[in-house]
Amino acid sequence: MNSRLRWDEKTLAMKTILYATDYSENSVAALKYARNIAQQMGVRLVVTHVFDYPTVLGMEGLDEPFPHLEETAFKQHRLKLEEFCEEHLGSVWKAPDVQLQPVEHPSVIKGILSTAEQWHAQMIVVGTKGESALREIIMGSTTKQLIEKAPCPIMAIPSDASYMPPKTIVYATDFEEEDIYAIRKLAEMGKTFEAEIKVVHISTENEYEGETQMEWFKEMLEQKVSYDKMEFKLFFSDTILESLRTYLEDIDADMVVMLEREKKSIFKKWFGSSLVKKMESYGEILLLSFREGNHQLFYFSAVL
């Protein structure tokens, strides 16, 4: 990453949430949410925008950039970040626990990831386009690429979301050991917000071992996770999407959490491509995605 900034070890030690913006209207709600959730957790917020300075300044194809081109580009994007935050956050962006960092990189994805690694980010917050964050993740997007490659969980915020501390969180499980590690970290977040965590599995009528698997999973989870606001729900249904939709509506869920696996995704398993078009009603629900294997990086305590 070429950020032109250097931070000492003490600066980097504070827990960090990274928010990435493209300055679009779709990203405004995510900025406000990221600021609020960072404040409530007592962690730092780093606001970043990734740019490629030859493209930005209309100088594609130059063998050698003009003198001070890079410096000028960083100043321009720093100013643009300041204006964006001032417009949507007011003067609170000047607080010491908020850092603005424009990043030059030809790849937006790699630029965000390198910034997350530099700050040892515990979470990346992004806005989503369109009505359904879930639909965007499954169909393929910048958000989906981040989920598949990021060193930390991704929180996707719908463009029409207003900040409310999550009180009801649904974790969709496929009864795998990796789910236990993710739920353990999710419980740390739940404690911060005093939220209920509802661990849900939906089996088809042909999956006769669902109840046995659920009991095994509960026993394994209780050995590793101590959280008194957690309950388990098992559904048998051949209309998985509709059952989950109804359940989320009935409990007024604030957030859905999934685990992205290298070989399979529970959401890809549950939701075939023919069902993706029916997901618009999920638009107001936040999505938090863990990636298999990076659960050890997900911590919510305020200070090391």
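The values are calculated or read from the model by the stated rules, or taken from the named source; none is laboratory data. What you are looking at is a predicted structure, and each value in this text was computed from that prediction instead of being measured. As a convention, Cβ positions derive from the backbone with ideal geometry for all residues, glycine included, and neighbour counts pool all protein chains shown.
Across segment 67-89, what is the total count of residues that are surrounded by fewer than 14 Cβ atoms within 10 Å (Cβ to Cβ) and acidic (Asp, Glu)? Full working, then the answer.
Step one: of segment 67-89, the residues surrounded by fewer than 14 Cβ atoms within 10 Å (Cβ to Cβ) are 67-68, 71, 75, 79, 83, 86-87.
Then keep just the ones that are acidic (Asp, Glu); that gives 71, 83, 86-87.
Residues in segment 67-89 being surrounded by fewer than 14 Cβ atoms within 10 Å (Cβ to Cβ) and acidic (Asp, Glu): 4 in total.
Specify the residue that is farthest from residue 245 (Cα to Cα); the eligible residues are those in segment 143-190 that are in a helix (DSSP H, G or I), of a type in the set (Val, Ile, Thr) and at pLDDT 85 or above.
At the first step, the residues of segment 143-190 found to be in a helix (DSSP H, G or I) are 143-149, 177-190.
This time we only want the ones that are of a type in the set (Val, Ile, Thr), so: 143, 147, 180, 183.
Within this subset, residues satisfying the condition of being at pLDDT 85 or above are 180, 183.
Working: 180: 24, 183: 21 Å.
Within segment 143-190, the match that is farthest from residue 245 (Cα to Cα) is 180.
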Let me confirm something: among 262, 242, which residue is modelled with pLDDT of 55 or more, surrounded by fewer than 20 Cβ atoms within 10 Å (Cβ to Cβ) and not in a helix (DSSP H, G or I)?
262
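Output the residues belonging to segment 191-239 that are in a helix (DSSP H, G or I) and under 22 Å from the mean Cα position of the chain (by Cα). Walk me through it before giving the result.
Filtering segment 191-239 down to residues in a helix (DSSP H, G or I) leaves 191-193, 210-224.
Across segment 191-239, the qualifying residues are 191, 192, 193.
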Of the residues in segment 224-239, those that are buried (at least 16 other Cβ atoms within 10 Å of the Cβ) and among the hydroxyl-bearing types (Ser, Thr, Tyr) come to 227
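Give segment 29-45 a look and list any residue that's surrounded by fewer than 19 Cβ atoms within 10 Å (Cβ to Cβ) and on the phi < 0 side of the Ramachandran plot, or say none. Spell out how you get there, then give the answer.
Here is the first cut: in segment 29-45, the ones surrounded by fewer than 19 Cβ atoms within 10 Å (Cβ to Cβ) are 32, 36, 39-40, 42.
Passing the criteria: 32, 36, 39, 40.
Answer yes or no as to whether residue 177 is under 18 Å from residue 291 (Cβ atoms), surrounded by fewer than 16 Cβ atoms within 10 Å (Cβ to Cβ) and not hydroxyl-bearing (Ser, Thr, Tyr). I'd like the intermediate steps shown before the answer.
Values: under 18 Å from residue 291 (Cβ atoms): yes; surrounded by fewer than 16 Cβ atoms within 10 Å (Cβ to Cβ): yes; not hydroxyl-bearing (Ser, Thr, Tyr): yes.
Yes: the conditions hold for residue 177.
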